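Below is one structure, written out as structure tokens, with a few remarks after it.
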Amino acid sequence: MELPFIFNSFDTFPVGGPKIFPPKGEASRRGLSDAMMSYWAEFACSGSPGWGRNKDLPQWQA
């Protein structure tokens with residue numbers, strides 16, 4: 001279930017669609033997806049998710 005958030009693909013991912021991800025939650029869902037993608041990108045770049053790629057998120061805690 002985390003993969004649509006990581007790839008920001010709620011409509012096209014095999015486990016996505018409106019029954020699982022209803023339109024009314026889109027803004028919150030996109031915000032969480034943006035944060036997850038930022039943390040993953042920073043982890044890939046530096047080895048630590050830290051504060052996300054733009055250093056604008058709360059620090060990732062172990």
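Every read-out reported here was derived from the displayed coordinates using simple, explicitly stated rules and does not represent laboratory data. Quick caveat, the model's predicted, so the values are computed rather than measured.
Worth pointing out:
- Seen from a random direction on average, the alpha-carbon convex hull of the chain projects onto 4.6 square nanometres.
- Backbone HN-Hα couplings from phi across segment 56-62 [Karplus 6.51/-1.76/1.60, Hz, Gly and Pro as x]: 10, 10, x, 4, 5, 9, 5
- Rounded tilt (10° steps) of 26-46 against the dominant C-alpha axis of the chain: 30
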